[in-house]
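Student: Here it is, the structure, as structure tokens.
Throughout, read-outs are computed from the coordinates displayed, never taken from laboratory work. Everything numeric in this text was worked out from a predicted model, so none of it was measured. Cβ atoms come from the backbone with ideal geometry, glycine included; neighbour counts cover every protein chain shown.
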Amino acid sequence: MAKEQPFLTDVETLRAQARANIDQGPVTSNYEGDVKQTIDVLQTVLATEIVCVLRYTMNAVAASGVSSASVRQEFEEHAKEEQEHMRAVAERINQLGGTPNFNPEGLATRSASQYVEGSNLIDMIKENLVAERIACDHYRELIRFFGEKDPTTRVMMESILTNEEEHANDMLDLLAAQQGSPKSLKADSGRAS
Ligand SMILES: [Fe+2]
Ligand SMILES: [Fe+2]
């Protein structure tokens, strides 16, 4: 006996749904997220990423001198990757029908992480590490929030989170190298959350 497959929408219905509201592009009838809320949340992520681009770029410029060449290179690389995150988030906001907010006004307030320059190399590394840890916490929460409601946004955030964890680890390694105490630093840095 033929069993129905209740989890699948029949083809006729799928076709009809796809033809309705074509102006919503990729947001179709079974999108279970709240589009407006998703866009609002992604604007915060966008601001966070812009602040990260600015901070790493500033650090890469400021970390001049032969002794900091390797640190500078790391800052450069992170600035480039933060820019890729920024672009991906902006594209997603656009796909969902929103306008990515690149307005410099209010940027620091919209961002989860702060823009702290750091007056020397070690402070710069520490501030980047703090910013990465904020991003990791924030993005993990968002991934849980998006869950199955918006798999595309979730997968994008998972990919960004993977990269932010690498960034945090890079900063921790740099800090250890600069301070010359890798083991104790690693041992003291167990996650509190
Ligand atoms: Fe990022
Ligand atoms: Fe990062």
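Student: Could you calculate the contour length gain from ASP40 to VAL155, that is, 0.36 nm times the residue separation minus the distance between their Cα atoms, to one decimal place in nm?
Tutor: Value of the extension gain: 39.6 nm.
Student: Then there is this: Assigning unit charges at the beta carbon (Lys, Arg +1; Asp, Glu -1) and nothing else, what dipole magnitude in debye, to the nearest 20, does the chain show about its Cα centre?
Tutor: 160 debye
Student: Now, a different point. Which GluC sites (Glu not before Pro) does the stretch 140-183 hold that lie in a coil by DSSP with at most 15 other beta carbons within 10 Å?
Tutor: When the GluC sites (Glu not before Pro) of the stretch 140-183 are filtered for loop state and at most 15 Cβ neighbours within 10 Å, GLU148 remain.
Student: Also: Using Cα-Cα distances under 8 Å and only pairs 6 or more residues apart, what relative contact order does the chain have, in percent?
Tutor: That works out to 22 percent.
Student: Report, to the nearest 10°, how far helix 69-95 tilts away from the longest principal axis of the Cα atoms in the chain, using its own Cα long axis and a range of 0 to 90°.
Tutor: That works out to roughly 20 degrees.
Student: Which of rounded, prolate, oblate describes the stretch 32-192, given a ≥ b ≥ c as roots of the alpha-carbon gyration tensor eigenvalues and a/c under 1.5 marking rounded, otherwise prolate only if a/b is larger than b/c?
Tutor: Taking the square roots of the gyration eigenvalues as a ≥ b ≥ c, the stretch 32-192 is prolate.
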